[in-house]
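Undergrad: Let me begin by handing over the structure; questions about it come next.
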Amino acid sequence: MQDGLRAFAFALLLLATSSGVAAAPLFMNLQTQAPESLDDYRDAERWLVVMIWASDCEICQREIGSYQRFHDQQANARVVGLTLDGDARRADALEFVAEREVRFPNLIGEPEAVTGYYQIATGSRWIGTPSLLIYAPDGKLMAKQAGAVPTDLIAEFIAANTPD
């Protein structure tokens, strides 16, 4: 399964790279294992905050609770997690979200697929986890950041960039 998922992800990255479009590739829903895209979570009413994480990332472990509270409290934004743990570490990822009571949706991809998506979407090199992508309701990438980002700053950014 892992080799198949890796080959599928690589083919999607090649397609996205060759077309010049940063279309969100298919990842897998962490809980259901159904194929999903970040595009599935976009809507015209809310901002999309994508937290890219890994189960062995200490900063991710420390910060994910604040992202759950942000997801619960922000009517105009939603959080989606994207772990690069891959198929080989899916059990670790499931344990990570269960232990921390993470209820927002989480997708899982192979490390090469997740980091490749980040690089194509942002035009920047991959640094590490956690990393953050913030999409406006129209789907435009508005911000990217490697490292921990306090959720109050995310709320301020969204408020400052939301038309009245």
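Undergrad: Asn106 versus (1) surrounded by fewer than 20 Cβ atoms within 10 Å (Cβ to Cβ); (2) touching a strand residue (DSSP E or B) at 6+ places or on another chain (Cβ under 7 Å); (3) not hydroxyl-bearing (Ser, Thr, Tyr): which is the lone unmet condition?
TA: Going through (1) surrounded by fewer than 20 Cβ atoms within 10 Å (Cβ to Cβ); (2) touching a strand residue (DSSP E or B) at 6+ places or on another chain (Cβ under 7 Å); (3) not hydroxyl-bearing (Ser, Thr, Tyr) one by one, Asn106 breaks only (1).
Undergrad: Taking the range 85-112 only, how many residues are small (Gly, Ala, Ser), in contact (Cβ under 8 Å) with a residue 60 or more places away in the chain and within 22 Å of His71 (Cα to Cα)?
TA: Qualifying residue count, the range 85-112: 2.
Conditions tested, residue by residue: (1) of a type outside the set (Gly, Ala, Ser); (2) in contact with a helix residue (DSSP H, G or I) (Cβ under 9 Å, 6 or more places away or on another chain).
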{"position": "Asp92", "(1), (2)": "yes, no"}
{"position": "Val97", "(1), (2)": "yes, yes"}
{"position": "Arg100", "(1), (2)": "yes, yes"}
{"position": "Phe104", "(1), (2)": "yes, yes"}
{"position": "Gly109", "(1), (2)": "no, yes"}
{"position": "Val114", "(1), (2)": "yes, yes"}
{"position": "Trp126", "(1), (2)": "yes, yes"}
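For every residue, the table says whether it meets (1) over 13 Å from Cys57 (Cβ atoms); (2) of a type in the set (S, T, N, Q); (3) under 16 Å from the mean Cα position of the chain (by Cα); (4) at pLDDT 95 or above.
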position	(1), (2), (3), (4)
Arg78	yes, no, yes, yes
Leu82	no, no, yes, yes
Asp85	no, no, yes, yes
Leu94	yes, no, yes, yes
Ala98	yes, no, no, yes
Val102	yes, no, yes, yes
Pro111	no, no, yes, yes
Trp126	yes, no, yes, yes
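Undergrad: Return the residues of the range 20-50 that are assigned to a strand (DSSP E or B), closer than 15 Å to Ala136 by Cα and among the aliphatic types (A, V, I, L, M); say none if nothing qualifies.
TA: Result: Leu48, Val49, Val50.
One line per residue, one yes/no per condition, for (1) touching an Asp or Glu at 6+ places or on another chain (Cβ under 6 Å); (2) buried (at least 21 other Cβ atoms within 10 Å of the Cβ); (3) in a loop (DSSP other than H, G, I, E, B):
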{"position": "Gln61", "(1), (2), (3)": "no, no, no"}
{"position": "Gly65", "(1), (2), (3)": "no, no, no"}
{"position": "His71", "(1), (2), (3)": "no, no, no"}
{"position": "Ala75", "(1), (2), (3)": "no, no, yes"}
{"position": "Arg89", "(1), (2), (3)": "no, no, no"}
{"position": "Ala98", "(1), (2), (3)": "no, no, no"}
{"position": "Glu112", "(1), (2), (3)": "no, no, no"}
{"position": "Thr129", "(1), (2), (3)": "no, yes, yes"}
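Undergrad: Pairs needed: first member in the range 113-138, touching a residue at least 60 places away in the same chain (Cβ under 8 Å); second member anywhere, assigned to a loop (DSSP other than H, G, I, E, B) and of a type in the set (S, T, N, Q); C-beta distance under 8 Å; at least 6 residues apart or different chains.
TA: Listed by first residue and then by second, the contacts come to Tyr118/Ser124; Ala136/Asn161.
The values are calculated or read from the model by the stated rules, or taken from the named source; none is laboratory data. Treat the numbers as computed from the prediction; the structure is a model and nothing was measured. Reconstructed Cβ throughout: ideal geometry from the backbone, glycine too, with neighbour counts over all protein chains shown.
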